[in-house]
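Following: one structure in C-alpha cells, then a few remarks.
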Amino acid sequence: MSDTDSARPPFSLCIEGDMTIYRAAALKSELLHAVQQHPRVEADLSAVTDIDSSGLQLLYLAQREAGRLGHAFHITASSHSASSLIHAFNLPQLLACPAHADIDIDIDAAMLAAGTAVIAADIDADRQVAAEAATATEGARHD
C-alpha cells in the first residue's frame, strides 16, 4: 500500500441481513469488488442477523484477497451472531474481529473442544468398523 493510499480514508462497507449460503454469490461479488477497488476496507457487520460457514468463508476470502493485493481488510464492528461464529471457529485474530461484549469465549472454546472430541471419536469408530469389515472380508476369502 502506498503512502497516498494510506492517507485516503478507508472504504466503509456495511453488510446487513444474512451472511448465509443463500446470499453467498452476491456477497462474494460485493466483498471482492470492495477489496480490489479500495486499498483499505472496513467492514461493519453489526447489522448481520445470521451467518453460517459460507459467510465466514467470504470474510476470509476478502481478507486473503486484500492481502494478496497489498490492501487491508478489517472488521470494525460485528453483531452477536457474527462474533459468536468467528470466535467459535477461533478466528478473531485472523479477521481482526473485535470481541462482542456478550460472548463468553471460555464457553465457546469448551464447546469447540467438545465438538472436536466427538468428531475424533466418530473417526476412531469409523476406522474400527472399517478394520472389522476388512478382517471379515479377508476371513470369508479364506473359507
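Just so you know, all these numbers are worked out from the coordinates, no wet-lab data involved. These numbers were taken from a predicted model, which means no experiment stands behind them. Neighbour counts are summed over all protein chains in view; Cβ atoms, including those assigned to glycine, are modelled from backbone coordinates with ideal geometry.
Data for the structure
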read-out: Cα pair distances in the stretch 16-80, grouped into 10 Å bins until the bin that holds the longest one, percent each; value: 24, 57, 19, 0
read-out: Estimated inter-spin distance, Tyr60 and Thr20, nm [label 7 Å along Cα→Cβ]; value: 2.1
read-out: Relative packing of peptides 11-21, 40-50 - highest average C-beta neighbours within 10 Å first; value: 40-50, 11-21
read-out: Label-point gap, in nm, between Leu32 and His80 - each point 7 angstrom along Cα→Cβ; value: 3.4
read-out: Long-range amide H partners of Thr49 with built H, under 5 Å; value: Gly17, Asp18, Met19
read-out: Nonlocal amide H pairs with Thr76, under 5 Å, H built at 1.01 Å; value: Ala43, Asp44, Leu45
read-out: In nm, spacing of pseudo-spin labels at Asn90 and Ser53 (7 Å Cα→C-beta vector); value: 1.6
read-out: In order through the stretch 67-81: 3J(HN,Hα) via Karplus (6.51 cos²θ - 1.76 cosθ + 1.60), integer Hz, x for Gly, Pro; value: x, 4, 8, x, 9, 10, 9, 9, 8, 9, 7, 8, 6, 4, 5
